[in-house]
Amino acid sequence: MIVKLILNLILVPIPSIGVNGAAIASVACHVVAFSISIVALKKTIKIKLGLKRFIIKPILATAIMAICSYFIYSVLLGIIAEKLATIIAIISAIIIYVVAIVVLRVFSKQEIKMLPSGNKICMILEKLKIY
């Protein structure tokens with residue numbers, strides 16, 4: 001919270017950044033909180049969190065989703081109403097993110113099986129030769 005307050009006080013008054021500084025401060029605050037949580041988990045539970053699986057792949061999936069949804073929104077904006085284009089882009093973003101997470105194999109078979117209907121999902125993924 002202190003990080004957010006300090007960055008808000010620094011970034012928001014800058015004319016070229018303005019209210020975008022508040023968003024930047026929020027992201028920075030969450031990164032700090034996430035980092036503290038990961039360090040605490042590693043010390044308390046002695047869990048081994050792989051950088052590739054828990055950070056790189058989700059960031060890659062997020063980037064894929066962001067690029068695709070922005071492209072979908074941009075294309076639809078000239079064709080249909082802005083609100084409808086936004087709704088379609090959001091729904092598309094959700095679908096694209098889930099597909100990216102599955103294709104990048106962020107979750108193991110065991111983790112997928114823990115989901116509701118996880119066994120059925122695993123069977124479908126095995127038939128599609130993804131897992």
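Only the coordinates and a few stated rules stand behind these numbers; no lab work does. Since the structure is predicted, the reported quantities are computational estimates derived from the model, not experimental observations. As a convention, Cβ positions derive from the backbone with ideal geometry for all residues, glycine included, and neighbour counts pool all protein chains shown.
Observations on the model:
- Candidate lysines - alpha carbon under 28 Å from K57, same-chain residues fewer than 8 apart omitted: K4, K42, K43, K46, K48, K109, K113, K120, K127, K129
- Taking P58, P15, P116 in turn, the Gaussian network model of the chain (Cα-Cα springs below 10 Å) assigns the largest fluctuation to P15.
- Fewest neighbouring Cβ atoms within 10 Å first, the residues M1, M65 line up as M1, M65.
- For the chain, hydrophobic long helices are taken as DSSP H runs at least 18 Å long by C-alpha position along their axis with mean Kyte-Doolittle hydropathy of -0.5 or more; these are 20-45, 57-77, 82-103.
- The range 1-48, relative contact order [Cα under 8 Å, separation at least 6], %: 31 percent
- In plain terms, the residue of K109, K120 with the fewest other Cβ atoms within 10 Å comes first and the most crowded comes last, giving K120, K109.
- Ratio of Rg to Rh over the range 1-48 (Cα coordinates, Kirkwood Rh, two decimals): 1.22
- On a per residue basis, the convex hull of the C-alpha atoms belonging to the chain measures out at 166 Å³.
- For the pair the range 1-63 and the range 95-131, the centres of their Cα atoms are 27 angstrom apart.
- In the chain, Cα pairs under 8 Å separated by at least six residues give a relative contact order of 16 percent.
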